[in-house]
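Asker: This is the structure I have questions about; it appears just below.
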Amino acid sequence: MKELSLNILDVAENSVKAKASLTEISLTECNDTLTLVIKDNGCGMTQEILMGVTDPFYTTRTTRKVGLGIPLLKMSAEMTGGSFKIESVSITDDAVNHGTTVTAVFNKKHIDFTPLGDIVSTVVTLIQGHPDCDFLYKHTANDNEISLDTRELREVLEDVPLDSYEVIKWIEGNLKEQYLQSESI
């Protein structure tokens, strides 16, 4: 993919499909390293599925015979000299503490580093497309933090849906303003 934000969108969509009520997306920049963590409380994966999930020709989908999201993210991280790890606990193994965590570490100075891209649109798309799910987004770099937590928005908005036009435009504007104020990110 041409932008890391598209990988993030794909993996977060997998979280929603796994019936996650909360998906946490964290970007942490430290020196020349970018660490991406996507964590959800969805149904998780069995160890059998987990072992095959990085194979592009393995998928649980019935609509196509390949699943490229996770393998492409893994390849993108490893091509920069970084690393990739996926951990998951199936709901059948633990009814309380289940879900999946994907961690990808990138070397930002490597020639093969994929630019972050339009992360604001990615976050907005996730919220607009899944207004009943919660998302926690954090991007930390150089002592600056950009964040958005839909659980906090729900408390303030009460019965106003997150996918209403005014709310979506506010979310988009708020994230863009945070990025403008954090010039080092």
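The values are calculated or read from the model by the stated rules, or taken from the named source; none is laboratory data. Predicted, not measured: the structure shown is a model, and the values here were computed from it. Quick reminder, even Gly has a Cβ in these numbers, built from the backbone with ideal geometry, and neighbours come from all protein chains shown. These area figures cover heavy atoms from the full protein model, side chains too; ligands, DNA and RNA do not enter into them. Shrake-Rupley method; radii C 1.70, N 1.55, O 1.52, S 1.80 Å.
Asker: Return the residues of region 109-160 that are over 26 Å from G82 (Cα atoms), of a type in the set (K, R) and in contact with a strand residue (DSSP E or B) (Cβ under 6 Å, 6 or more places away or on another chain); say none if nothing qualifies.
Answerer: R151
Asker: Further, regarding this structure: Quick one: T140 ticks every box in (1) in contact (Cβ under 8 Å) with a residue 60 or more places away in the chain; (2) in contact with a Lys or Arg (Cβ under 9 Å, 6 or more places away or on another chain) bar one, so which box is it?
Answerer: The single condition T140 does not satisfy is (2).
Asker: Failed condition for I171, given (1) surrounded by fewer than 18 Cβ atoms within 10 Å (Cβ to Cβ); (2) over 20 Å from V11 (Cα atoms); (3) touching a residue at least 24 places away in the same chain (Cβ under 8 Å); (4) of a type outside the set (S, T, Y), with all others met?
Answerer: Just one mismatch for I171, condition (1).
Asker: Within region 124-136, identify whether any single residue is closer than 14 Å to V37 by Cα and either out of contact with any His (no Cβ under 6 Å at 6 or more places or on another chain) or assigned to a helix (DSSP H, G or I) (or both), and answer yes or no.
Answerer: If we filter region 124-136 for residues that are closer than 14 Å to V37 by Cα, which is where we start, we get 135-136.
Next, only the ones that are either out of contact with any His (no Cβ under 6 Å at 6 or more places or on another chain) or assigned to a helix (DSSP H, G or I) (or both) stay: 135-136.
Yes, because at least one residue in region 124-136 is closer than 14 Å to V37 by Cα and either out of contact with any His (no Cβ under 6 Å at 6 or more places or on another chain) or assigned to a helix (DSSP H, G or I) (or both).
Asker: Residues in region 82-104: is at least one more than 16 Å from V37 (Cα to Cα), polar (S, T, N, Q) and open to solvent by 30 Å² or more (accessible area, probe 1.4 Å)?
Answerer: yes
Asker: I've got another one for you. If N107 satisfies all but one of (1) open to solvent by less than 20 Å² (accessible area, probe 1.4 Å); (2) touching a residue at least 60 places away in the same chain (Cβ under 8 Å), what's the number of the condition it fails?
Answerer: Status for N107: all satisfied but (1).
Asker: Mind checking which residues of region 14-31 are closer than 16 Å to I127 by Cα and acidic (D, E)?
Answerer: E24 - this is the single residue of region 14-31 that is closer than 16 Å to I127 by Cα and acidic (D, E).
Asker: Report yes if V11 is open to solvent by less than 10 Å² (accessible area, probe 1.4 Å) and under 19 Å from S83 (Cα atoms), otherwise no. Full working, then the answer.
Answerer: Details: open to solvent by less than 10 Å² (accessible area, probe 1.4 Å): yes; under 19 Å from S83 (Cα atoms): yes.
It is true that V11 is open to solvent by less than 10 Å² (accessible area, probe 1.4 Å) and under 19 Å from S83 (Cα atoms).
Asker: Check T35 against each of (1) outside any loop (DSSP other than H, G, I, E, B); (2) hydroxyl-bearing (S, T, Y); (3) at pLDDT below 90 and name the one condition it does not meet.
Answerer: Exception for T35: condition (3).
Asker: Just to check your reading of the model, which residue among D132, D143, D118, D163 is closer than 15 Å to I25 by Cβ and either over 18 Å from the mean Cα position of the chain (by Cα) or among the acidic types (D, E) (or both)?
Answerer: Details: D132 fails: closer than 15 Å to I25 by Cβ; D143 fails: closer than 15 Å to I25 by Cβ; D163 fails: closer than 15 Å to I25 by Cβ.
Going through D132, D143, D118, D163 in turn, the sole match is D118.
Asker: Quick check on I49: is it open to solvent by less than 20 Å² (accessible area, probe 1.4 Å) and closer than 12 Å to E87 by Cα?
Answerer: no
Asker: When residues of region 137-159 are filtered for being open to solvent by 70 Å² or more (accessible area, probe 1.4 Å), closer than 18 Å to L9 by Cβ and part of a helix (DSSP H, G or I), how many remain?
Answerer: Quick first cut of region 137-159, residues open to solvent by 70 Å² or more (accessible area, probe 1.4 Å) only: 138, 142-143, 145, 151-152, 154-156, 158-159.
Then drop every residue that is not closer than 18 Å to L9 by Cβ, which leaves 138.
This time we only want the ones that are part of a helix (DSSP H, G or I), so: none.
Adding up the residues that qualify gives 0.
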